[in-house]
Amino acid sequence: MDFDSFLEEATRKVKKKKLKKRSLSSKKRKEELENILLDDECEAVPQTDSGRRVYG
Amino acid sequence: MTRVIGVLSGKGGVGKTTVTANMGASLAWDYGNNVVAIDANTTSSNLGLNLGAYRFPVTLNDVLKGKADVTDAIYAHPSGLKIIPSSTFNKDIDADPKKMKRVIDYLGEYVDYVLLDCPPTLSDETTSMIKAIDEAIVVTNPEWAALLEAKRTISFLKKKKKKVAGVIINKAEVEPEEVAKIKEALNAPILGVIPFDDAVTRSVDKKVPFIHVFGRTRPSRAFKRVMEEVTGQRFPNRGIIERIIGWFD
């Protein structure tokens, strides 16, 4: 990717995720955080070809 | 027990983000730890870019502004590292860094390491981040301006009673005598010297930490030794040949 394309891509408006108002109990919040941090239940960073070769 | 480490420098452009990205990915991928790397530079962020992404729908800025929960701003890197990125847009710069401590306390329960890629200078934003950390790694280059700022940062950390885990001399070709002089001047342990090499620049283009995509190059060999200093453990799968080559680096 050349610099102009990168700049265009990087400065394009990001569609903000619509977040639901949540009133989770602290137990539920803890469970959610545990799932994310220990079991990868969160959005993944996109893999590049080099990344795929390194990490599979 | 969770280690909350701030990566600081004083002067900008010395390689804090590259160090954070490589250290985070290595702690996760090579050492098998649960690690969260936070782009604590909420006004000029680029940790995400080093790790392959720069367009995030929810960021640390949203969390610090009270618009999102921290669980919404965590992303998984293929190395196993979790990232909390900051926004790259000017409209998000009014985030309140004073809330950082709360974010870290919340994460700390589940992870082995929290790494903060801190902003340069000793601004309000940086000092808020320093309040949130337990220990610091200071990155510098072997140039007077960078060394002076590193010295100021170390003095500030000590005044705030924060542990200085050590200094990384980055983008450097220095003789052992010069390293000894820098150690004496900064009054802090030296974790390692990372040589200047275009493998580091190319790894940023490839959006993969150099320690993994160019694992046999000089900077990677040097960084593996830094990892051994930081963790107090031998770098996993570092073969005997690589160790012998390392003696001559």
Looking only at B:D62, B:D30, B:D105, which one moves most when chain B is put into a Gaussian network model with springs between Cα atoms under 10 Å?
-> B:D105
At a 1.4 Å probe, what is the % contribution of carbon and sulfur to the accessible area of chain B?
-> 52
Grab the alpha carbons of segment B:1-114, take their convex hull, and tell me the volume per residue in Å³.
-> 100
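Would you work out the relative contact order for segment B:3-247, in percent, from Cα pairs under 8 angstrom that are 6 or more residues apart? The partial results should precede the final answer.
Working: 476 pairs, mean separation 57.5, N = 245.
So the answer I get is 23 percent.
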Please report the buried accessible area for the interface of A with B, total over both chains, probe 1.4 Å, in Å² to the nearest 100.
-> 3400
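Based on the Cα atoms of segment B:103-146, what semi-axes does the equivalent ellipsoid have, where each is the square root of 5 times one gyration tensor eigenvalue, given in whole Å with the largest first? Numbers along the way, then the final one.
On the way: eigenvalues 121, 34, 8 Å².
Equivalent ellipsoid of segment B:103-146: 25, 13, 6 Å, largest first.
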In the Gaussian network model of chain B, springs joining C-alpha atoms below 10 Å, which of B:P85, B:P209, B:P176 carries the largest mean-square fluctuation?
-> B:P176
Which ³J(HN,Hα) values in Hz, rounded to whole numbers, follow from the phi angles of segment B:193-198 under the Karplus curve 6.51 cos²θ - 1.76 cosθ + 1.60, where θ = phi - 60° and Gly and Pro get x?
-> 10, 9, x, 6, 7, 6
Between A:E31 and A:F3, with labels modelled 7 Å along Cα→Cβ, what's the label distance in nm to one decimal, could you check?
-> 5.1
Scattering profile of segment B:3-247 at q = 0.16 Å⁻¹ [log10 I(q)/I(0), Debye over alpha-carbon scatterers] | -1.15
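For segment B:125-206, what is the convex hull volume of its Cα atoms per residue in Å³?
Values: hull volume 9.2 nm³, N = 82.
Here the figure is 113 Å³ per residue.
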Specify the residue with the greatest mean-square fluctuation among B:T140, B:T59, B:T127, computed from a Gaussian network of chain B linking alpha-carbon atoms under 10 Å apart.
-> B:T127
Computed over the protein assembly as shown, the distribution of all Cα-Cα distances in 10 Å bins, rounded to whole %, is 6, 29, 36, 22, 6, 1
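Tell me which trypsin sites (Lys or Arg not before Pro) from segment B:97-174 have a DSSP coil assignment and no more than 16 other beta carbons within 10 Å of their own.
On the way: sites: B:K98, B:K99, B:K101, B:R102, B:K131, B:K151, B:R152, B:K158, B:K159, B:K160, B:K161, B:K162, B:K163, B:K171; in loops: B:K160, B:K161, B:K162, B:K171.
Answer by residue number: B:K160, B:K161.
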Output the residues of segment B:73-103 meeting this criterion: accessible area (heavy atoms, 1.4 Å probe) in the chain alone minus accessible area with all protein chains in place is 20 Å² or greater.
-> B:I74, B:Y75, B:A76, B:P78, B:K82, B:F89, B:K91
Reciprocal of mean inverse Cα separation for segment B:76-196 (Kirkwood radius, Å) | 16.1
Result for the protein assembly as shown: accessible area per residue, probe 1.4 angstrom, in square angstrom, of 49
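The values are calculated or read from the model by the stated rules, or taken from the named source; none is laboratory data. Remember, predicted model here, so these are calculated numbers, not experimental data. All Cβ positions, even for glycine, are placed from backbone atoms using ideal geometry, and neighbour counts span all protein chains on display. Calculation scope for accessible area: heavy atoms of the full protein, side chains included, ligands and nucleic acids excluded. Shrake-Rupley method; radii C 1.70, N 1.55, O 1.52, S 1.80 Å.
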